[in-house]
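Okay, structure first, notes after.
The values are calculated or read from the model by the stated rules, or taken from the named source; none is laboratory data. Bear in mind that the values here come from a model prediction, so they are computed numbers and not experimental data. Cβ placement follows ideal geometry from the backbone for every residue including glycine, while neighbour counts extend to all protein chains displayed.
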Amino acid sequence: MIDIKFIRSNPDIVRKAIVDKNEKADLDILLAADEQRRKLQYDFDQLKARQNAVSQIIAQKKRAKEDAGTELSEMTMVADEIKTIQAALNEVSADLDARLLTIPNLPHASVPVGRDEALNEVLRHEGTARKFDFEPKDHLDVANTNRMLDLPRGAKISGSGFPIYTGFGAKLERALINFMLEYHLQKHGYSELMVPLAVNRKTMTGTGQLPKLEEDMYHIGEDDLFLIPTAEVPVTNLYADEVLSYKDLPQKFVAYTPCFRREAGSYGKDTRGLQRLHQFNKVEMVRFVEPETSEAALEDMLNDAEDILKAFGLHYRVVSLCTGDLSFASQKTYDLEVWAAGSGKYLEVSSVSNFGEFQARRANIRYKDAEGKMRHLHTLNGSGLATPRLMIAILESYQKADGSLDIPEVLKPFMELKV
RNA sequence: GGAGAGGUGACCGAGUUGGCUUAAGGUGCACGCCUGCUAAGCGUGUGUAGGGGAAACCUUACCCAGGGUUCGAAUCCCUGCCUCUCCGCCA
């Protein structure tokens, strides 16, 4: 969340951010609540101070076996007043806190201002697109020819959007995950985590999914748990309510998890094959860094994600999201879009974001800097990568004229593990 | 799921007949002094968050969390969460 003190002294900057990000939040009501909270807090403090002082006197008199009737009757009234003010204070504070959670992060100055994805900025293209001397099929045809997917039975068991990978397909999916994990571990210096796939409300609020995106998540009502939409959630919350030392930073984690998304409101859009799913696999990178280094860390993590696409020899482009396409919690985001050679379009396979101190404030993750000062650290995360669209790009780019499939060289060792 | 025990400051650990504790004592840490030697001793300081103040500083809250009783709660009551032990069930 944004520091209330910052909002108080820079309301116009925050207002602009809300508009640029297409969010809705009434800053005037929030500021009024803040004003009221401080006033009530002041009154409360005064009365409490009085109560504490007189309580000392009462205690002394009681010990000396003196009469404290005057003090007691005064305190009865003060206690009453305190109770009333405290109730009001609690209410205003709760309202203020709830409102603060609806204020989006401020976009970084380098982020292009724009209403929607049409105004995203394509920064560069990398690699070369596969050229065919035959009519290429799209990924679903390639998958079916090679018996790699069974989407109808996935739909029977769970519903559409819950894929079944079969035989060679399952093995290829597993190889992708393993390759990416090992790559980040061995070449990029990340540490691996395996984390819970169902998390509580507080955790979901910490990274910013709640309260805004409750409708987009699978909820287990019995236990009030949510299935994670990304490993970002459990991994970033690893240090919630903790204080680290500057000596502990930076920290880099990588985690593979399935991801669950209800995709409410996007039915009928890009539904063929693996394009949009309710359950998919992803290898996620998360970093905890000192504030001064987060901008460089974002570029570095972008490279980490790109290295995977390069290792697979795939063509892709790098996009800087405009304010309107930026997520609620993000300060700056790069998307990597891989070229789907068969269907002829770019598909998002990675989103690499710097959240600044936004998530650290929500999740209460702090550190002591070299001067011993308590500060919020910065968090970043990036997909490295999500598998479904990566699989699409590989199937379409590596298909052969006879309908069979080749695969990237780097994956072959992972397909040939011996027991 | 059943029974019991417990959750105190960076750490250990007192405090549970409610009020000279708005948390003793110790360890650690920081600074200073002394001692001339990988040590010991002495002194001072040592949390987070909010409010006020130019500052020194003052003040409020926080003893797992949230309610309640009371003039007053770390201490009493209720609910929840977590940890440990035993039993049951189970991959």
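Just one of the listed residues (A:Glu121, A:Glu173, A:Glu126) is in contact (Cβ under 8 Å) with a residue 40 or more places away in the chain and under 23 Å from the mean Cα position of the chain (by Cα), namely A:Glu121.
Yes/no matrix, rows are residues, columns are (1) surrounded by fewer than 18 Cβ atoms within 10 Å (Cβ to Cβ); (2) modelled with pLDDT of 95 or more; (3) outside any loop (DSSP other than H, G, I, E, B):
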{"position": "A:Leu244", "(1), (2), (3)": "yes, no, yes"}
{"position": "A:Cys259", "(1), (2), (3)": "no, yes, yes"}
{"position": "A:Gly268", "(1), (2), (3)": "yes, no, no"}
{"position": "A:Asp304", "(1), (2), (3)": "no, yes, yes"}
{"position": "A:Asp307", "(1), (2), (3)": "yes, yes, yes"}
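Looking across the stretch A:226-280, the residues that are of a type in the set (A, V, I, L, M, F, W, C), more than 17 Å from the chain's Cα centre (by Cα) and farther than 26 Å from A:Leu185 by Cα come down to A:Ala264, A:Leu274, A:Leu277.
In the stretch A:178-201, the residues that are more than 16 Å from A:Gln251 (Cα to Cα) and at pLDDT 95 or above reach residues that are part of a helix (DSSP H, G or I) and charged (D, E, K, R) with C-beta atoms within less than 9 angstrom, at least six apart or across chains, in these pairs: A:Tyr183/A:Asp304; A:Tyr183/A:Asp307.
The number of residues in the stretch A:211-220 that are surrounded by 16 or more Cβ atoms within 10 Å (Cβ to Cβ), out of contact with any Pro (no Cβ under 9 Å at 6 or more places or on another chain) and in contact (Cβ under 8 Å) with a residue 12 or more places away in the chain comes to 0. The set of residues in the stretch A:45-62 being near RNA strand B (Cβ under 6 Å from one of its atoms), surrounded by 14 or more Cβ atoms within 10 Å (Cβ to Cβ) and either among the hydrophobic types (A, V, I, L, M, F, W, C) or not assigned by TED's automatic domain parsing to the domain that holds A:Ala88 (or both) consists of A:Ile58 alone. For the stretch A:209-220, check the following and say yes or no: at least one residue is among the polar types (S, T, N, Q), more than 16 Å from RNA strand B (Cβ to nearest atom) and in a helix (DSSP H, G or I). So far as the stretch A:209-220 goes, no, none of its residues is among the polar types (S, T, N, Q), more than 16 Å from RNA strand B (Cβ to nearest atom) and in a helix (DSSP H, G or I). Can you pull out every residue in the stretch A:63-78 that is surrounded by 12 or more Cβ atoms within 10 Å (Cβ to Cβ) and within 7 Å of RNA strand B (Cβ to nearest atom)? Listed by number, the residues that qualify are A:Leu72, A:Met75, A:Val78.
Quick one: how many residues across the stretch A:273-306 are touching a helix residue (DSSP H, G or I) at 6+ places or on another chain (Cβ under 7 Å) and over 22 Å from A:Tyr218 (Cα atoms)? Qualifying residue count, the stretch A:273-306: 7.
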